[in-house]
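These notes are about the structure you will find just below.
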Amino acid sequence: MSDVDYTAETAGPQSSLRRALALLRVIAAGDAAGMRLKDIALTTGCGQPTAHRALRDLMAEGFVEQAAGGKRYRLGLDFFVLAARAGQAGGLRDLARPALLRLSATLSDTVFLLVRNGYDAICLDRIEGPFPIRTFTGDIGGKVPLGLGQGSLAMLAHLPEGEREAVIRFNMPRLLDRGYLDEAALRSALDTTRAQGWVNLNRGLIPGMAGVAVPILDPEGRAVAALSIGTLAERLREERLPKIVAMLRVEAAALAARLNPFDMALRYPARSLGTIAM
């Protein structure tokens with residue numbers, strides 16, 4: 001419970017500010033899906049009407065929003081925008097751009113930076129290699145269901161079990177429509193990915209294409225993004241694979257250590273694409 005006493009319903013500007021800040025801290029520490037009003041009020045030690053008034057003010061400023069259904073409150077987009085601007089670390093795309101350039105120049109292949117957006121994976125950045133390839137995501141901003149393609153598979157495999165199961169249930173019909181074999185094949189691929197920590201697709205759904213990917217993990221070990229190589233199947237032979245995996249892992253680990261938890265691309269990737277100058 002908060003050490004700030006809100007039981008006295010004072011109306012001064014300082015008490016209102018402290019109440020709002022306490023609510024933000026409670027919501028930030030709560031469930032990512034949002035918190036109910038009564039739980040927020042209980043944790044901060046103030047009455048529900050008082051908490052509700054403060055939440056309305058925070059919503060008006062864009063720092064809090066109501067989740068789908070309107071029963072839960074979570075941090076809003078403007079909160080993350082403000083925090084990202086104040087943070088020392090740059091956005092994920094800016095942080096990852098040098099790594100993508102290094103990988104593409106060294107390997108002479110196309111490199112992708114993917115982030116999760118709900119049940120999908122979105123291409124946040126891409127560096128083109130010299131060999132013409134075909135991909136599911138296409139250019140920057142393209143998206144695929146989680147589970148389709150190496151980068152998407154790497155992220156899905158490293159989600160918490162409950163989230164992973166929810167994604168599988170929702171996406172399986174979509175994957176089957178895209179030519180995926182069956183759920184057993186997907187689960188087998190996910191098990192392999194978790195065990196080895198990377199994905200290698202050399203007989204994919206696009207003839208002649210192959211790829212390798214590794215997840216970018218947050219401090220809790222949850223996949224928030226992925227680095228992926230797309231290339232011709234003939235270029236991804238067994239003797240070359242260990243070198244590619246090692247390089248991807250080094251870059252992914254370096255990026256993971258510099259992740260900004262307030263980066264808009266990690267919370268609202270579709271919206272953050274609107275800020276990218278193509």
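The values are calculated or read from the model by the stated rules, or taken from the named source; none is laboratory data. Not measured: the values here are computed from a predicted model. Methodologically, a virtual Cβ is constructed for each residue, glycine included, from the backbone with ideal geometry; neighbour enumeration extends over all protein chains shown.
The table for this structure:
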| item | result |
| --- | --- |
| Of all residues making up the stretch 225-252, the number that are surrounded by fewer than 16 Cβ atoms within 10 Å (Cβ to Cβ) and assigned to a helix (DSSP H, G or I) | 7 |
| Residue list for the stretch 17-55, filter: farther than 29 Å from residue 222 by Cα and either outside any helix (DSSP H, G or I) or in contact (Cβ under 8 Å) with a residue 60 or more places away in the chain (or both) | 45, 46, 47 |
| Residue match in the stretch 146-165 (condition: farther than 16 Å from residue 223 by Cα, touching a Phe, Trp or Tyr at 6+ places or on another chain (Cβ under 6 Å) and either of a type in the set (Phe, Trp, Tyr) or touching a residue at least 24 places away in the same chain (Cβ under 8 Å) (or both)) | no |
| Qualifying residue in the stretch 187-198 (condition: closer than 22 Å to residue 93 by Cβ, hydroxyl-bearing (Ser, Thr, Tyr) and either surrounded by fewer than 16 Cβ atoms within 10 Å (Cβ to Cβ) or touching a residue at least 60 places away in the same chain (Cβ under 8 Å) (or both)) | no |
| Matching residues in the stretch 38-63 - criterion: being under 28 Å from the mean Cα position of the chain (by Cα), at pLDDT 90 or above and surrounded by 20 or more Cβ atoms within 10 Å (Cβ to Cβ) | 40, 55, 58 |
| Odd one out for residue 74, checked against (1) under 18 Å from the mean Cα position of the chain (by Cα); (2) assigned to a helix (DSSP H, G or I); (3) at pLDDT 85 or above | (2) |
| Residue list for the stretch 109-129, restricted to those being within 11 Å of the chain's Cα centre (by Cα) and within 20 Å of residue 237 (Cα to Cα) | none |
| Meets criteria (assigned by TED's automatic domain parsing to the domain that holds residue 209, small (Gly, Ala, Ser), at pLDDT 90 or above and farther than 23 Å from residue 241 by Cβ) for residue 105 | no |
| Residue list for the stretch 168-181, restricted to those being within 21 Å of residue 198 (Cα to Cα) and surrounded by fewer than 20 Cβ atoms within 10 Å (Cβ to Cβ) | 168, 180, 181 |
